[in-house]
Structures are given as structure tokens and as C-alpha cells.
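Note sheet for the following structure.
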Amino acid sequence: QVHLVESGGGLVQAGGSLRLSCAASRFILSSITMGWFRQAPGKERDFVAAIIGSRTDYADSVKGRFTIARDNAKNTLYLQMNNLKPEDTAAYYCAACAGTCPLRIGGVYPYWGQGTQVTVSS
């Protein structure tokens with residue numbers, strides 16, 4: 001059984017920072033595609049960032065503010081979020097896909113965490 005467990009969400013003021021973590025079991029992170037997606041109430045799930053090998057990709061809305069990284073020794077994926085804006089408020093999910101997968105397409109990721117809430121106040 002594959003498990004992804006997110007943590008690190010919370011309430012922060014606009015301009016603040018948070019770091020999300022995603023602990024992965026039964027994966028070797030260096031060999032799989034991992035991504036962050038988010039979903040605000042009443043909206044569709046959106047791509048945020050993804051990483052495979054040394055390649056990263058970001059949604060235009062977060063480029064320059066968010067950084068995706070992983071610690072292979074700890075089997076953990078991170079999302080450093082700086083200069084947060086109220087429109088970043090959403091539930092954030094990490095996802096995993098074995099091998100090299102289309103980074104931005106959530107539908108191809110078979111494994112998902114339970115999500116962690118990020119709320120940015122103005």
C-alpha cells in the first residue's frame with residue numbers, strides 16, 4: 001500500500017511563508033514523478049508544481065514564489081511557499097506517479113495524499 005501524507009498547512013497572512021511536506025512510503029522519490037495540486041472551494045483542482053529527476057515545472061501563478069524540492073534520504077517532498085496571496089488559499093495535495101509522467105495532468109497520478117489546508121488572510 002502506498003501512502004502519501006501531507007503536513008505543514010495553516011493560516012498565514014498575505015506576504016507570509018509556509019512549507020508543505022509530503023512523506024512518501026514505498027517509493028524511491030528520485031525515480032518517480034511527484035506533484036503538488038490545489039483545490040479551492042467550488043473550483044477545479046489545479047496544478048501547482050511537479051518534479052521528476054532534476055526537472056521541475058510550475059504553474060504561472062506560483063512561479064517565482066513557490067519552490068518544489070525533495071529529500072531522497074527522507075523520502076519527503078516539499079513545497080516552499082513564499083509571498084503568499086489570498087488567492088493561494090486552497091487544500092493542497094501531493095501526488096505521485098511511477099516513472100516519468102505528464103507533470104501537469106492530475107488525472108495520470110494514481111497516488112494522492114489526504115490534503116492539507118492553506119489559508120492566506122489579507
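Residue count for segment 18-42 under the criterion of being open to solvent by 60 Å² or more (accessible area, probe 1.4 Å) and either under 16 Å from the mean Cα position of the chain (by Cα) or modelled with pLDDT of 95 or more (or both): the result is 2.
Surrounded by fewer than 18 Cβ atoms within 10 Å (Cβ to Cβ), under 16 Å from residue 115 (Cβ atoms) and modelled with pLDDT of 95 or more: does that describe residue 7? Judged against the criteria, residue 7 is a match. Contact annotation: residue pairs with Cβ atoms under 8 Å, 6 or more positions apart or on different chains, pairing a residue in segment 60-87 that is open to solvent by 20 Å² or more (accessible area, probe 1.4 Å) with a partner that is part of a helix (DSSP H, G or I) and of a type in the set (Ser, Thr, Tyr), are 70/30; 72/30. So for segment 108-121 (the condition being more than 17 Å from residue 18 (Cβ to Cβ), in contact with a Pro (Cβ under 8 Å, 6 or more places away or on another chain), outside any strand (DSSP E or B) and open to solvent by 10 Å² or more (accessible area, probe 1.4 Å)), does at least one residue qualify? Among the residues of segment 108-121, at least one is more than 17 Å from residue 18 (Cβ to Cβ), in contact with a Pro (Cβ under 8 Å, 6 or more places away or on another chain), outside any strand (DSSP E or B) and open to solvent by 10 Å² or more (accessible area, probe 1.4 Å), which makes the answer yes.
Condition first: outside any loop (DSSP other than H, G, I, E, B) and closer than 15 Å to residue 7 by Cα. Now tell me which residues in segment 74-95 satisfy that. Listed by number, the residues that qualify are 76, 77, 78, 79, 80, 81, 90, 91, 92, 93, 94, 95. Among the residues examined, residue 98 qualifies as more than 24 Å from residue 120 (Cα to Cα), in contact (Cβ under 8 Å) with a residue 40 or more places away in the chain, part of a strand (DSSP E or B) and open to solvent by 40 Å² or more (accessible area, probe 1.4 Å).
From the residues in segment 45-59 that are of a type in the set (Gly, Ala, Ser) and crowded, with 16+ Cβ neighbours inside 10 Å, which one is farthest from residue 26 (Cα to Cα)? Looking at the filtered set, the residue picked out is 59. Here residue 94 clears all of (1) under 20 Å from residue 11 (Cα atoms); (2) hydrophobic (A, V, I, L, M, F, W, C); (3) at pLDDT below 95 except the condition numbered (3).
The values are calculated or read from the model by the stated rules, or taken from the named source; none is laboratory data. Everything numeric here is computed off the predicted structure, so don't read it as measured data. A quick note on method: Cβ atoms are made from the backbone with ideal geometry, for glycine too, and the neighbour counts reach across all protein chains shown. Please note that ligands, DNA and RNA were not included when accessible areas were found on the heavy atoms of the full protein model with its side chains. Shrake-Rupley method; radii C 1.70, N 1.55, O 1.52, S 1.80 Å.
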